[in-house]
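J.: My questions all concern the structure below.
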Protein chains: 2
Amino acid sequence: MRLLLIEDERELADALSRALSKHGIVTDHTTHLADAFELTRQNSYDAILLDRRLPDGEGLTFIPMLRRTGTDTPVIVLTARNEPLERVEGLDVGADDYLGKPFLVDELMARLRAVLRRPPSLTELQITVGRMVIDPLHLSVTVESTPLDLPRRELLVLAALAKRKDKTVLRSTLEAAVYNYEEEIQSNALDAHISRLRKRLLDAGAGVAVHNIRGVGYLLKEE
Amino acid sequence: MRLLLIEDERELADALSRALSKHGIVTDHTTHLADAFELTRQNSYDAILLDRRLPDGEGLTFIPMLRRTGTDTPVIVLTARNEPLERVEGLDVGADDYLGKPFLVDELMARLRAVLRRPPSLTELQITVGRMVIDPLHLSVTVESTPLDLPRRELLVLAALAKRKDKTVLRSTLEAAVYNYEEEIQSNALDAHISRLRKRLLDAGAGVAVHNIRGVGYLLKEE
DNA sequence: CCGCGAAGATTGCGGCAGCATTACGGGGGA
DNA sequence: TCCCCCGTAATGCTGCCGCAATCTTCGCGG
């Protein structure tokens, strides 16, 4: 997936680009509306992230311009001006969504998915993998009907993986599943959890394997 | 326009109904999920407003239920629980938007307009080619429902090809899908990725072939 | 039908980023 | 007070991926 980011704060833009790249999203970045317009002509983006306050004008004016060229690429407006009335304004000129700064990258991702019309992920009540049954709502795990109690964080990781068993779960999704955004994470804590979780699953004979996809994330499958 | 409002606070519900009626919107109101489900079967709504905390359960669980019946009516979640992570949760189970209480009716209106304006399924969320199913948003690939893990770059190439299956994808488009501006490329790295991807797809028996159109690009089709 | 050049295919190599594992210690709960 | 969770960081390793060399295929012109 490829995004166009129109944002004049270098620092934020860089951070965002880096964060998005972890989701496998390629980000083009520009600080000016004029350049942005040119870029949309040369490339086809899946979505556009648009700041309101830009060096060469109010970002919102970009949207009608874009629409007039027949492009219906979704636009998500990012801005510190997050008053209700301003949100109305943004949505009414044709933005698809409006996100106040500061925001979680994961919320951005979620809104991206929503905007791109991601179909609903069915949430099952109980998930069976290998010899293990997981109830992600109640956070309980049993192996062959004997309960397995895992530390909280490992449990969260496992639940997040189980919800999408046999499919990759992005690393950042796992981080979001385990940490809220006050708890910043500045080490390989997640890796450590994965490692310990693996060991515990092995000891319990759960019949599952946590598999890594380098640069993308992890996935849970039967072994 | 006709809405379904699922909300257990009588007072808020009444006030909202009155306010919406001024905009020419007809509102059906119920306080329980069970009734709501019945109502969606009997009527066709333009959108659904959904509270999270309801007498008979968490409102979010309603969304997968609804989607499973094949209904893609937009759902806007209304709730006091407006923490970022909770918003992610809401959007990820298939809500189209999320609105924290208290909110302005005008903002609700704007979001309604935005949600109703969205073109139906801009990007498919799952693409099936041959024996393979690709989820370009979550970057996961399965062959006959067994996961296939591909390196990141090969994954991006495949996703780009799959999005336009049976159609040629320009070489430059592929490069754009895999690399951003900073990552310059001065070799046949893309060719190498294609080659390795082909091998992996063959080994996995994916039932697809990556064809080359000399001087133009590549295309993915079933074999 | 043949030859030639350009584009593509394939493969080994090496650097290095990302991952796995583990030990350590602080901190909180029983 | 003891135990275990869990964040941190050091260490070693794996395999992705950019690169380039070499071989193959394609298409065109004569």
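J.: I'd like the full set of residues that are closer than 19 Å to residue B:222 by Cα, buried (at least 17 other Cβ atoms within 10 Å of the Cβ) and away from DNA strand C (no atom under 13 Å from the Cβ), limited to region B:165-180.
T.: The answer is B:165, and nothing else.
J.: Taking the condition surrounded by fewer than 17 Cβ atoms within 10 Å (Cβ to Cβ) and within 12 Å of DNA strand D (Cβ to nearest atom), does residue B:192 pass?
T.: yes
J.: Can you tell me which residue is nearest to DNA strand D (Cβ to nearest atom) among those in region A:195-205 that are among the basic types (Lys, Arg) and touching a residue at least 40 places away in the same chain (Cβ under 8 Å)?
T.: If we filter region A:195-205 for residues that are among the basic types (Lys, Arg), which is where we start, we get A:196, A:198-200.
From what is left, the residues that are touching a residue at least 40 places away in the same chain (Cβ under 8 Å) are A:196, A:200.
Details: A:196: 7, A:200: 9 Å.
Of everything passing the filter in region A:195-205, A:196 is nearest to DNA strand D (Cβ to nearest atom).
J.: In the list A:66, A:91, A:54, A:60, which residue meets the criterion of being modelled with pLDDT of 80 or more, open to solvent by less than 50 Å² (accessible area, probe 1.4 Å) and under 25 Å from residue B:105 (Cα atoms)?
T.: Selected residue: A:60, the only one of A:66, A:91, A:54, A:60 that is modelled with pLDDT of 80 or more, open to solvent by less than 50 Å² (accessible area, probe 1.4 Å) and under 25 Å from residue B:105 (Cα atoms).
J.: Is one or more of the residues making up region B:183-201 more than 23 Å from residue A:5 (Cβ to Cβ), more than 9 Å from DNA strand C (Cβ to nearest atom) and within 13 Å of another protein chain (Cβ to nearest Cβ)?
T.: Checking region B:183-201: at least one residue is more than 23 Å from residue A:5 (Cβ to Cβ), more than 9 Å from DNA strand C (Cβ to nearest atom) and within 13 Å of another protein chain (Cβ to nearest Cβ).
J.: Go over the candidates B:49, B:20, B:39 one by one and state the one that is on the phi < 0 side of the Ramachandran plot, modelled with pLDDT of 85 or more and more than 14 Å from chain A (Cβ to nearest Cβ).
T.: Among B:49, B:20, B:39, only B:49 is on the phi < 0 side of the Ramachandran plot, modelled with pLDDT of 85 or more and more than 14 Å from chain A (Cβ to nearest Cβ).
J.: A further question on this structure: Test each condition in (1) in a loop (DSSP other than H, G, I, E, B); (2) in contact (Cβ under 8 Å) with a residue 40 or more places away in the chain for residue B:71 and report the one that comes out false.
T.: For residue B:71, the failing item is (2).
The values are calculated or read from the model by the stated rules, or taken from the named source; none is laboratory data. Bear in mind the structure is a predicted one, so any value in this text is a computation, not a measurement. Note that each Cβ is placed from the backbone with ideal geometry, even for glycine, and that neighbours are counted across all protein chains shown. For the accessible areas, the whole protein counts, side chains as well, though only heavy atoms, and no ligand, DNA or RNA atoms are used. Shrake-Rupley method; radii C 1.70, N 1.55, O 1.52, S 1.80 Å.
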